[in-house]
1. Residues that are open to solvent by 40 Å² or more (accessible area, probe 1.4 Å), among the charged types (D, E, K, R) and in contact with a Ser or Thr (Cβ under 6 Å, 6 or more places away or on another chain): find the strands (runs of 3 or more DSSP E) completely inside the stretch 321-391 holding 1 or more of those.
2. Is the stretch 381-397 home to any residue that is of a type in the set (Val, Ile, Thr), within 22 Å of Glu452 (Cβ to Cβ) and in contact (Cβ under 8 Å) with a residue 60 or more places away in the chain?
3. Among Leu90, Leu78, Leu57, Leu47, which is within 27 Å of Glu374 (Cβ to Cβ), open to solvent by less than 70 Å² (accessible area, probe 1.4 Å) and hydrophobic (A, V, I, L, M, F, W, C)?
4. So in the stretch 458-490, with the set limited to residues that are open to solvent by 60 Å² or more (accessible area, probe 1.4 Å) and part of a loop (DSSP other than H, G, I, E, B), which one is nearest to Met424 (Cα to Cα)?
5. For the stretch 1-103, list the helices (runs of 4 or more DSSP H) that sit wholly inside it and hold at least 2 residues that are of a type in the set (Asp, Glu) and either in contact with a Leu (Cβ under 6 Å, 6 or more places away or on another chain) or closer than 26 Å to Tyr345 by Cβ (or both); which are they?
6. Does Ala421 count as closer than 28 Å to Asp313 by Cβ, in contact with a Gly (Cβ under 7 Å, 6 or more places away or on another chain) and either open to solvent by 40 Å² or more (accessible area, probe 1.4 Å) or of a type in the set (Gly, Ala, Ser) (or both)?
7. Step by step: first the residues of the stretch 281-299, then only those that are modelled with pLDDT of 60 or more and in a loop (DSSP other than H, G, I, E, B), then the one that is surrounded by the fewest Cβ atoms within 10 Å (Cβ to Cβ). Which residue is that?
8. Filter the stretch 60-72 for residues that are open to solvent by 80 Å² or more (accessible area, probe 1.4 Å) and among the polar types (S, T, N, Q) and give the result.
Amino acid sequence: MKEIDINACTRPVEVDQRISLPYYYRIADNLLRQAKIYREEKNIIDLYIILVRYSSLLCETIPSHRDYGTFKSTEKSLFRKKLLDVISELETLKPVVQQKVDTHNKAVKHQKETSASSSSSAYASTVSTPQNYQTYVGNIHGSSSKQSGTSNQVVPLDQFQKLSINLPYPKEETLSRHSILGPNGLRSNWTGPVTNIRVQYPSNAGLTQNEVSGLLSESYKQEGFKTDNLPQHPPGKSNYDLESVLSLDDGRWSSSPTAILQEMETTNHLNIRQPSPPPVRAEVQQVSSSIPPERVADPRPGPALSDSGRYQDLHVPVKLMECFLRVAEANTSKNLETCGILGGYLKNRIFYVSTLIIPKQKATSDSCTATNEEEIFEVQDKNSLFTLGWIHTHPTQTCFLSSIDLHNHYSYQVMLPEAIAIVMAPTDTERKHGIFHLTDPSGMSVMHDCQETGFHPHEEPLDGNPIYEHCSHVYMNPNVKFELIDLRNL
């Protein structure tokens, strides 16, 4: 239980002129949809927070947009009427919410003062062991759950980071830069990080490739998915088995930041665009960075350090990533990227990914562009889906977010702070997939202020935090079912 800070939850959103005005109004509509759900669930505090965000967006952010003066007056009138209703409701809710928040925060403060030692013990007991996760995997694939006394447990991603809490204290030269770039940044002789520390998602070591494929195929049929049109696992390719797909190291790579940046620079002749519907699109061109080498941000993700209490939990179906790899397999075999949009719903303060949308798209080895964005919005609106993030493949690249990926994901996270970016890298020998988001406010501020396009380095945030990190609010849930909508076949 944590204290509630209304002000921290309702920070004004600074306008970004690169984002279209209709996109901001779409954000406003999504906020009203969230508010409706909280109202029906009698969740007064979250309702109040969302309504404050809505009023701030309509009163501060949107009027600052350069296109506001030329926007349709009828649309403005409609949203102005909604705003008056929201302000009226806020006035009614304010005293009730203030009382609830004060009571909650006093209880939290009292608990901290009187039970610090017991809280520490309780925290330690929540850290699951690898054995528990192995039992969890057995439950997913139909084995007996009597050994653990539980079944179909929901596994938080940040638990894996907790498994390495006994690592030795970092060296002084590491602390001096708060980065593995070293005290002199890119100019220094880089020393590779330790790579023998690994965190594993649940694996299926006891099953053969054919058994895994059979189990997945059977489970798809049981849940109503059509498996006839799904590409089958190619024989002899271990990169596509469930164990390799669901493996994750602790975020430290064996290649240096300099090497990664050099690889980026060698490809900036490509016209690279990433998945829609992000409105901020970075086309590749030659860029000249004025960032001092010692201020260049590490292009790799940070560990899951963000306070998960700041975000509402987001549950991802365990089988979604495997399904996406099968859908993308034909492109992957041709060294072509594939992208998809994650849609879902909100219930009891939890977002659930319930729909994987594969838009019509054009792809190259380094690009994937949706060709009909309106069709995506139509599907989302028809099914009342929130945009919860996106997923795409890196057929021959490592598992990370490039500068273009970061700018694209920024648009998703502007719309919904909980939005995630999933990268599938089947040929990466270190990590087959990653679930990331921008740090807030550190990474979000860097993306807002960066006007560069194409592959380019970013300046390290002033607080020393990474620009993006592994998610701490995401859970892999075997009980959540999802629908695959492949618009390419329509």
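1. Details: elements: 339-347, 350-358, 361-364, 367-370.
Correct list: 361-364.
2. Of the stretch 381-397, the ones of a type in the set (Val, Ile, Thr) are 387, 391, 393, 396.
Now restrict to residues that are within 22 Å of Glu452 (Cβ to Cβ): none.
The answer is no, given that none of the residues of the stretch 381-397 is of a type in the set (Val, Ile, Thr), within 22 Å of Glu452 (Cβ to Cβ) and in contact (Cβ under 8 Å) with a residue 60 or more places away in the chain.
3. Values: Leu90 fails: within 27 Å of Glu374 (Cβ to Cβ); Leu78 fails: open to solvent by less than 70 Å² (accessible area, probe 1.4 Å); Leu47 fails: within 27 Å of Glu374 (Cβ to Cβ).
Unique residue meeting the criteria: Leu57.
4. Within the stretch 458-490, the first condition is being open to solvent by 60 Å² or more (accessible area, probe 1.4 Å), and the residues that meet it are 459, 462-463, 465, 479, 481, 483, 488-490.
With part of a loop (DSSP other than H, G, I, E, B) added as a condition, the list becomes 462-463, 465, 479, 481, 490.
Values: Leu462: 30, Asp463: 30, Asn465: 24, Asn479: 22, Lys481: 20, Leu490: 25 Å.
Ranking the qualifying residues of the stretch 458-490, first place goes to Lys481.
5. Details: elements: 6-9, 21-40, 44-56.
In the stretch 1-103, 21-40 are the helices (runs of 4 or more DSSP H) which contain 2 or more residues that are of a type in the set (Asp, Glu) and either in contact with a Leu (Cβ under 6 Å, 6 or more places away or on another chain) or closer than 26 Å to Tyr345 by Cβ (or both).
6. Numbers: closer than 28 Å to Asp313 by Cβ: yes; in contact with a Gly (Cβ under 7 Å, 6 or more places away or on another chain): yes; either open to solvent by 40 Å² or more (accessible area, probe 1.4 Å) or of a type in the set (Gly, Ala, Ser) (or both): yes.
It is true that Ala421 is closer than 28 Å to Asp313 by Cβ, in contact with a Gly (Cβ under 7 Å, 6 or more places away or on another chain) and either open to solvent by 40 Å² or more (accessible area, probe 1.4 Å) or of a type in the set (Gly, Ala, Ser) (or both).
7. Initially, the stretch 281-299 is screened for residues modelled with pLDDT of 60 or more, giving 290-299.
Adding the requirement that they be in a loop (DSSP other than H, G, I, E, B) leaves 290-292, 297-299.
Values: Ser290: 6, Ile291: 15, Pro292: 11, Ala297: 24, Asp298: 19, Pro299: 23.
The selected residue is Ser290.
8. First, pick out the residues of the stretch 60-72 that are open to solvent by 80 Å² or more (accessible area, probe 1.4 Å): 60, 66, 70, 72.
Matches in the stretch 60-72: Thr70 only.
The values are calculated or read from the model by the stated rules, or taken from the named source; none is laboratory data. Not measured: the values here are computed from a predicted model. With ideal geometry, Cβ positions are generated from the backbone for all residues, glycine too; neighbour counts draw on all protein chains shown. Side chains included, ligands, DNA and RNA excluded: accessible areas come from the protein's heavy atoms. Shrake-Rupley method; radii C 1.70, N 1.55, O 1.52, S 1.80 Å.
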